[in-house]
1. For the range 76-103, enumerate the residues that are closer than 17 Å to SER10 by Cα, of a type in the set (Val, Ile, Thr) and without any contact (Cβ under 8 Å) to a residue 60 or more places away in the chain.
2. Can we say GLN84 is under 28 Å from ILE332 (Cβ atoms), out of contact with any helix residue (DSSP H, G or I) (no Cβ under 8 Å at 6 or more places or on another chain) and surrounded by fewer than 24 Cβ atoms within 10 Å (Cβ to Cβ)?
3. Out of (1) at pLDDT below 90; (2) farther than 19 Å from LEU295 by Cα; (3) among the hydroxyl-bearing types (Ser, Thr, Tyr), what's the single condition that is false for SER317?
4. Looking only at the range 494-504, how many residues end up being hydrophobic (A, V, I, L, M, F, W, C) and touching a strand residue (DSSP E or B) at 6+ places or on another chain (Cβ under 6 Å)?
5. So in the range 308-332, with the set limited to residues that are in contact (Cβ under 8 Å) with a residue 60 or more places away in the chain and within 14 Å of ALA415 (Cβ to Cβ), which one is most open to solvent (accessible area, probe 1.4 Å)?
6. Which members of the range 392-408 meet the condition of being outside any helix (DSSP H, G or I) and either crowded, with 24+ Cβ neighbours inside 10 Å or out of contact with any helix residue (DSSP H, G or I) (no Cβ under 9 Å at 6 or more places or on another chain) (or both)?
7. Determine which member of the set ILE324, ILE296 is over 20 Å from the mean Cα position of the chain (by Cα), assigned to a loop (DSSP other than H, G, I, E, B) and at pLDDT 90 or above.
Amino acid sequence: MQDNDTIAISGFNMATTPEFLINRLYSKYQRSGHPNNLFIISDALPAVPGRALDYVAQQLYSDKDQDFLKGSLMPFLGFSPWFQKLVMDNRIECYGWPIGITAYWFREIASGRPGLLTKIGLDTFLDPRTDDAALNELSKSRSSCKVEILKIDEEDYLFYKAPKPKFALIRASIADEMGNVSMKEEGIRGTVLSIAQATKALPTRGKVACQVRWITKSGTINPRDVDIPFPLIDHIVISPSEYHWQTGSIAYDPRLSSEIVSPSNRNLETIININKMEMYEKVIARRVTLEFVNLILQKKERVLINLGIGIPAFISSIIHEENIADLIISLIESGPWGGVALYGNDFGLAVSSFALSTIPDMFSNFEGGIIDAASLGFLQIDKFGNVNPSMLPNRLFGAGGFPVIAGGVSKIFFAGAFTGGKKEINVTDNGIKILYDGPIAKFVENVYKISFSGYQAAKCGQEIMYVTERAVFRLDKNNNELVLEEIAPGIDIEKDVLSKMNFKPQISSEIKEMDTRLFGKSAMNIRNDLKNFF
């Protein structure tokens, strides 16, 4: 590895993150001052707080003269507070392409193409007519990564370009003596193969180093289990177990890598997740679940859905609590199909999933509209239906998988608390009472950064709903405005809803009360709604 190189590093939080290699690379820089001025590209974020890239970023932040890192293309910064600080303080350049776009980009580079062409990102902060995906002023001035507008048949498309990697740090579980590697003990498959291929592609063949837990004899890995063949890998490095965790808080659990699939364990995890929810969060997750049930009734068959980070991840547990996981199949952007989704620093993995796709393969299900619906979180919503899921002047989480999912799926159910900040909400069988409301308005005149365009959604005919614990809104596709359609029992529309919004929505002439089952302590028995269906 040389000074000024572009380095690709795999990682979705701690899943597929080569923590040992990251630490070794930084240690070499500390000893010798080389390599320096590196530009890092990741498929998601190889870090959780205090570990991997976040640990390195903390050291860099304390060194005002650091020249180890000059910039990055990093889809998500949410679990790296120190990397966020480097970016917000304009210490390094950083570009926030979505996870799916970056994963696709690796495939395009591996195929010898100059970049990625897509409609995803139009009229959002990714659009060059706004921020060009640049997350700070340094990025805007240097433009190491670019997004361009191209017209095809009078339609606008975005073309994403970034420097080709010259070196890659990736991770798998096992290598044989030839150098073939398998990811059989990993919780996801990630983008590691595409990263290796992009690095090896012409015009400049790069080098690939792969971190593994152990090496076995040649011929002992089934060819079907080889995720990366040995000709694509230059170096195999055995990592101590403490630098090879499956998630931010779990060293190893065979259920996460689908080596064991146990329904009883799934039920246990469901109970644990549900007990960790605030009751108002459970109301939101339940309300979205009812929309998925409505889709089953409309389609007259099971539905395929995506669940995003935050409250939407809890929906997986509601689906299992209601015993309808055979009818609502949930997908997570990192690759798991089915199972019970984990959350927080462990988000991206699922207990006892029935299949694991690569990240680019999974995002094809989203951008192509193959799945039926998705539920995603939100930080801000404005009067035009635009959504900002994660970014404020003092909070720079990045795009994550949000723009690709929201831009491709035909039905989106945004889910989140109505207000931000500390709150106290009493939920009873009779409804909701706001004892102390959050002081931060989340329904604002204009969102800080647009990650989802209400205009593009209306133009493309997407069906959009915004679900909170006290009110439910829809996007009116005719005039591109929010319509208030439901309120929770016990909620005063003026006091608890309209006065807490920075704009006045339309109010439906047939406003309804939210289903009382949402507020009960016991399960809703949703399966009874479908008992005459199958």
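The values are calculated or read from the model by the stated rules, or taken from the named source; none is laboratory data. It should be emphasised that the depicted structure is a prediction, and the values quoted were computed from it without experimental measurement. Note that each Cβ is placed from the backbone with ideal geometry, even for glycine, and that neighbours are counted across all protein chains shown. For the accessible areas, the whole protein counts, side chains as well, though only heavy atoms, and no ligand, DNA or RNA atoms are used. Shrake-Rupley method; radii C 1.70, N 1.55, O 1.52, S 1.80 Å.
1. none
2. yes
3. (2)
4. Going through the range 494-504 one residue at a time, the tally reaches 2.
5. Step by step, filter the range 308-332, then rank; the result is ILE309.
6. LEU392, GLY398, ALA399, GLY400, GLY401
7. Unique residue meeting the criteria: ILE324.
Condition check ((1) more than 19 Å from the chain's Cα centre (by Cα); (2) open to solvent by less than 30 Å² (accessible area, probe 1.4 Å); (3) at pLDDT 95 or above) across all residues:
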position	(1), (2), (3)
GLU108	yes, no, yes
SER111	yes, no, yes
THR118	no, yes, yes
ASP132	yes, no, no
SER139	yes, yes, yes
GLU148	yes, no, yes
ILE152	yes, no, yes
